[in-house]
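Below: the structure, in structure tokens.
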Amino acid sequence: MKKTIFIVLFLVSAITALFILPCEGYALYDLGVEKGDWVEYYVTEANNWDFFTEVKTGETLRFDIIGNEVHERMYPNGTVAFIVEDPICDVSLNGEIIQENVTLNEMLFYPKGEAHWSSLERIEEQWMEMAPVYGMDYSSNISIMGDRVVFISSFEGVMDAGFKAVVDVETGIAVTFERYLFTGEEWEFSLDLKATNVGGLIDPWYITYRYPILASIVGVIVVKLLYTSVFRKNA
């Protein structure tokens, strides 16, 4: 029973943050994406995943940012921790729109910069402290590694669930995201960044293929030198 109460409290806190009007006097963290930005993800794995429609491994999801909303993030006791911008998106699957005006709550798009992560970490710490009271095992870790943030969260009890996001610090865009839920039936998916109009996330082709290009150039030079050497020897 306690485990169920913990899960309900966790979900209610997350959902409530989406609908309560923001209060003044709290830190506001701005999104890194803006209206007009778009991001495409390659679905590397999809098992029993319905995202407005059935999504399968190998398909492509696209999110077009059409605006944002301001919402509160709360501690487990219901007090406000800080305020964030959440993106409003049109979602497409394989080039066809499957849902319009979708508000995403820190799934693929996060506030830009490092400050937000320190504040979010304090919320996560309180959830970890509270979990054992309800017989739950909740863990969370936020690690900033250069220009990336690795955010891992999971809990075990009545149901096992968790996610892992690798997020670009500057833009707040997740470059990879995976989530799972086990309740007798497995439900999981994972996404990898495929394309975007936001600069700095995907290297130009000549950077991506710089090593093969260099290897080819070196190979051509070596062959030319060998050919020249043999030609002169036989001349």
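The values are calculated or read from the model by the stated rules, or taken from the named source; none is laboratory data. This is a predicted model, so every value here is computed, not measured. Note that we place each Cβ from the backbone using ideal geometry, even for glycine, and neighbour counts take in every protein chain shown.
Filtering region 53-78 to residues that are surrounded by fewer than 19 Cβ atoms within 10 Å (Cβ to Cβ), over 19 Å from Glu178 (Cβ atoms) and modelled with pLDDT of 90 or more leaves Thr53, Ile66, Gly67, Glu69, Val70. Does Glu100 fit the bill of being at pLDDT 90 or above, closer than 30 Å to Ala195 by Cβ, touching a strand residue (DSSP E or B) at 6+ places or on another chain (Cβ under 7 Å) and not aliphatic (A, V, I, L, M)? Yes.
Here's the yes/no breakdown for (1) outside the structural domain of Leu31 (by TED's automatic domain parsing); (2) assigned to a strand (DSSP E or B); (3) in contact with a Gly (Cβ under 7 Å, 6 or more places away or on another chain):
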{"site": "Arg62", "(1), (2), (3)": "no, yes, no"}
{"site": "Ile65", "(1), (2), (3)": "no, yes, yes"}
{"site": "Glu72", "(1), (2), (3)": "no, yes, no"}
{"site": "Ala81", "(1), (2), (3)": "no, yes, no"}
{"site": "Asp86", "(1), (2), (3)": "no, yes, no"}
{"site": "Gln99", "(1), (2), (3)": "no, yes, no"}
{"site": "Gly113", "(1), (2), (3)": "no, no, no"}
{"site": "His116", "(1), (2), (3)": "no, no, no"}
{"site": "Glu124", "(1), (2), (3)": "no, no, no"}
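Residues of region 179-202 that are closer than 22 Å to Trp49 by Cβ and surrounded by fewer than 17 Cβ atoms within 10 Å (Cβ to Cβ): Leu181, Phe182, Thr183, Gly184, Glu185, Glu186, Trp187, Asp192, Lys194, Ala195.
Could you please let me know if Val167 is within 15 Å of the chain's Cα centre (by Cα) and of a type outside the set (Gly, Ala, Ser)? Judged against the criteria, Val167 is a match. No other residue among Val150, Val133 is of a type in the set (Val, Ile, Thr), more than 20 Å from Asn77 (Cα to Cα) and out of contact with any Pro (no Cβ under 8 Å at 6 or more places or on another chain) apart from Val150.
Results for (1) at pLDDT below 60; (2) under 30 Å from Glu114 (Cα atoms), shown as yes or no for each residue.
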residue	(1), (2)
Gly146	no, yes
Val150	no, yes
Phe163	no, yes
Val166	no, yes
Gly172	no, yes
Glu186	no, no
Pro204	yes, yes
Arg232	yes, no
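Of all residues in region 96-110, those satisfying the criterion of being in contact with a helix residue (DSSP H, G or I) (Cβ under 9 Å, 6 or more places away or on another chain) and buried (at least 17 other Cβ atoms within 10 Å of the Cβ) are Glu106, Tyr110.
Within region 118-143, the set of residues being touching a residue at least 40 places away in the same chain (Cβ under 8 Å) and under 19 Å from Val166 (Cβ atoms) comprises just one member, Leu120.
The set of residues from region 111-133 being among the hydroxyl-bearing types (Ser, Thr, Tyr) and surrounded by 14 or more Cβ atoms within 10 Å (Cβ to Cβ) comprises just one member, Ser119. Of the set (1) in contact with a Lys or Arg (Cβ under 7 Å, 6 or more places away or on another chain); (2) over 23 Å from Val167 (Cα atoms), all apply to Ile98 but (1).
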